[in-house]
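The values are calculated or read from the model by the stated rules, or taken from the named source; none is laboratory data. Computed from a prediction, not measured in an experiment: that's the story for all the values here. Glycine gets a Cβ as well: all are built from the backbone with ideal geometry, and neighbour counts include every protein chain shown. Heavy atoms of the whole protein, side chains included, go into the accessibility calculation; ligands, DNA and RNA do not. Shrake-Rupley method; radii C 1.70, N 1.55, O 1.52, S 1.80 Å.
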Amino acid sequence: MHELSLAQSIIEAVEARAEECGVERVRAVHLRVGEASGVLVDALQFAFEMLASLSPTLTGARLTIEITPHRAWCEPCARTFTVMDFVARCPTCGTWSTRILSGTELQILDMEVGADGEQGSQE
Ligand SMILES: [Zn+2]
(Lines give C-alpha, C1' and ligand atoms only; values in the text may rest on other atoms or scores of the structure.)
Protein backbone atom coordinates (compact mmCIF):
# COMPACT_ATOMS: atom_id res chain seq x y z
CA MET A 1 0.00 0.00 0.00
CA HIS A 2 1.74 3.03 -1.39
CA GLU A 3 -0.33 5.57 0.55
CA LEU A 4 0.75 4.17 3.89
CA SER A 5 4.44 4.80 3.22
CA LEU A 6 3.53 8.16 1.76
CA ALA A 7 1.63 9.12 4.91
CA GLN A 8 4.60 7.92 6.93
CA SER A 9 6.95 10.20 4.98
CA ILE A 10 4.62 13.16 5.39
CA ILE A 11 4.37 12.61 9.12
CA GLU A 12 8.14 12.26 9.47
CA ALA A 13 8.68 15.48 7.52
CA VAL A 14 6.11 17.33 9.64
CA GLU A 15 7.56 15.97 12.89
CA ALA A 16 11.06 17.06 11.86
CA ARG A 17 9.76 20.49 10.96
CA ALA A 18 7.84 20.78 14.23
CA GLU A 19 10.92 19.88 16.21
CA GLU A 20 12.97 22.42 14.31
CA CYS A 21 10.46 25.13 15.17
CA GLY A 22 9.96 24.01 18.77
CA VAL A 23 6.32 23.16 18.09
CA GLU A 24 4.68 20.63 20.42
CA ARG A 25 1.43 20.16 18.63
CA VAL A 26 0.46 20.12 14.98
CA ARG A 27 -3.26 20.60 14.39
CA ALA A 28 -3.47 20.32 10.64
CA VAL A 29 -1.33 19.62 7.63
CA HIS A 30 -2.14 21.05 4.22
CA LEU A 31 -1.05 19.05 1.27
CA ARG A 32 -1.07 19.67 -2.47
CA VAL A 33 -1.57 16.60 -4.59
CA GLY A 34 -1.58 16.54 -8.37
CA GLU A 35 -4.48 14.65 -9.91
CA ALA A 36 -1.98 12.67 -12.01
CA SER A 37 0.34 11.85 -9.12
CA GLY A 38 -1.35 8.48 -8.73
CA VAL A 39 -2.13 9.11 -5.08
CA LEU A 40 -5.42 7.76 -3.78
CA VAL A 41 -6.57 10.68 -1.69
CA ASP A 42 -9.02 8.69 0.46
CA ALA A 43 -6.42 6.05 1.24
CA LEU A 44 -3.85 8.71 2.06
CA GLN A 45 -6.31 10.49 4.34
CA PHE A 46 -7.05 7.23 6.13
CA ALA A 47 -3.38 6.26 6.50
CA PHE A 48 -2.52 9.74 7.74
CA GLU A 49 -5.19 9.67 10.45
CA MET A 50 -4.10 6.26 11.58
CA LEU A 51 -0.41 7.18 11.81
CA ALA A 52 -1.05 10.65 13.22
CA SER A 53 -2.91 9.09 16.16
CA LEU A 54 0.33 7.27 17.07
CA SER A 55 2.43 10.41 17.01
CA PRO A 56 2.51 12.62 20.12
CA THR A 57 3.02 15.69 17.93
CA LEU A 58 0.28 14.90 15.47
CA THR A 59 -2.44 13.23 17.52
CA GLY A 60 -5.80 14.39 16.19
CA ALA A 61 -4.23 16.38 13.38
CA ARG A 62 -6.28 16.84 10.22
CA LEU A 63 -4.99 16.43 6.72
CA THR A 64 -6.42 18.78 4.14
CA ILE A 65 -5.69 18.03 0.53
CA GLU A 66 -5.75 20.44 -2.36
CA ILE A 67 -5.94 18.73 -5.75
CA THR A 68 -4.16 20.42 -8.62
CA PRO A 69 -5.34 19.74 -12.17
CA HIS A 70 -3.12 18.01 -14.69
CA ARG A 71 -2.11 20.76 -17.10
CA ALA A 72 0.48 21.13 -19.82
CA TRP A 73 1.95 23.89 -21.98
CA CYS A 74 2.24 23.82 -25.77
CA GLU A 75 5.10 25.94 -27.06
CA PRO A 76 3.96 26.29 -30.73
CA CYS A 77 0.46 27.34 -29.67
CA ALA A 78 1.69 29.28 -26.63
CA ARG A 79 -1.20 27.99 -24.57
CA THR A 80 -1.92 25.72 -21.66
CA PHE A 81 -4.39 22.86 -21.83
CA THR A 82 -5.86 20.24 -19.57
CA VAL A 83 -4.32 16.81 -19.90
CA MET A 84 -7.04 14.18 -20.30
CA ASP A 85 -6.37 10.58 -19.33
CA PHE A 86 -2.61 11.17 -19.09
CA VAL A 87 -2.36 12.08 -22.77
CA ALA A 88 -0.21 15.21 -22.85
CA ARG A 89 -0.92 15.97 -26.48
CA CYS A 90 -1.91 19.46 -27.56
CA PRO A 91 -5.60 19.41 -28.57
CA THR A 92 -5.06 22.32 -30.96
CA CYS A 93 -1.99 21.42 -33.05
CA GLY A 94 -1.61 17.78 -32.08
CA THR A 95 2.03 17.93 -30.99
CA TRP A 96 3.30 15.61 -28.31
CA SER A 97 6.21 17.84 -27.36
CA THR A 98 4.43 19.61 -24.58
CA ARG A 99 5.59 20.42 -21.10
CA ILE A 100 3.71 19.33 -17.97
CA LEU A 101 2.97 22.30 -15.75
CA SER A 102 1.11 20.77 -12.87
CA GLY A 103 -0.76 17.72 -11.74
CA THR A 104 2.09 15.39 -10.83
CA GLU A 105 3.27 17.05 -7.64
CA LEU A 106 2.99 16.07 -4.04
CA GLN A 107 3.95 18.77 -1.65
CA ILE A 108 3.37 19.85 1.93
CA LEU A 109 2.10 23.41 1.73
CA ASP A 110 1.62 24.40 5.29
CA MET A 111 0.82 23.23 8.78
CA GLU A 112 -1.24 24.63 11.62
CA VAL A 113 0.22 24.46 15.06
CA GLY A 114 -1.06 25.11 18.54
CA ALA A 115 -0.44 24.16 22.14
CA ASP A 116 -2.66 21.76 24.06
CA GLY A 117 -5.78 23.30 25.51
CA GLU A 118 -5.66 26.26 23.19
CA GLN A 119 -8.99 25.33 21.73
CA GLY A 120 -12.22 25.18 23.67
CA SER A 121 -10.81 26.87 26.74
CA GLN A 122 -12.91 29.99 26.57
CA GLU A 123 -14.94 30.56 29.77
ZN1 LIG B 1 -0.28 23.13 -29.80
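Could you compute the FRET efficiency for Glu66 and Thr92, with r as their C-beta to C-beta distance and R0 at 25 Å, rounded to 0.05?
0.30
How large, in percent, is the carbon and sulfur part of the accessible surface of the chain at a probe radius of 1.4 Å?
Result for the chain: 51 percent of the exposed heavy-atom area is carbon or sulfur.
Lys and Arg at +1, Asp and Glu at -1: add these up for the other residues within a Cβ distance under 12 Å of Glu105 and post the number.
Once all neighbours under 12 Å are counted, the net charge is 0.
Where nothing but the Cβ of Lys and Arg (+1) and of Asp and Glu (-1) is charged, how large is the charge dipole of segment 61-113 around its Cα centre, in debye to the nearest 20? Numbers along the way, then the final one.
Numbers: 5 positive and 6 negative charges, 54 e Å.
Result for segment 61-113 is approximately 260 debye, rounded to the nearest 20.
Taking the dipole about the Cα centre of the chain, with the C-beta of Lys and Arg at +1 and of Asp and Glu at -1, give me whichever of Thr59, His2, Val113 is farthest to the positive side.
His2
Spit out the partnerless Cys residues in the chain, using Cβ distances under 4.7 Å as the pairing rule.
Cys21, Cys93
Once phi is turned into ³J(HN,Hα) by the Karplus curve 6.51 cos²θ - 1.76 cosθ + 1.60 with θ = phi - 60°, what whole-Hz value does each residue of segment 73-85 show in order, with x for glycine and proline?
10, 9, 5, x, 8, 6, 9, 9, 8, 7, 7, 9, 6
Determine the per residue accessible area of the chain with all protein chains present and a 1.4 angstrom probe, expressed in square angstrom. Could the numbers behind the result be given before it?
Details: 7600 Å² over 123 residues.
Result: 62 Å² per residue.
Which net charge results for the neighbourhood of Glu49, defined as the other residues with beta-carbon distances under 12 angstrom from its beta-carbon, given Lys and Arg at +1 and Asp and Glu at -1?
Overall, the nearby charge balance is -1.
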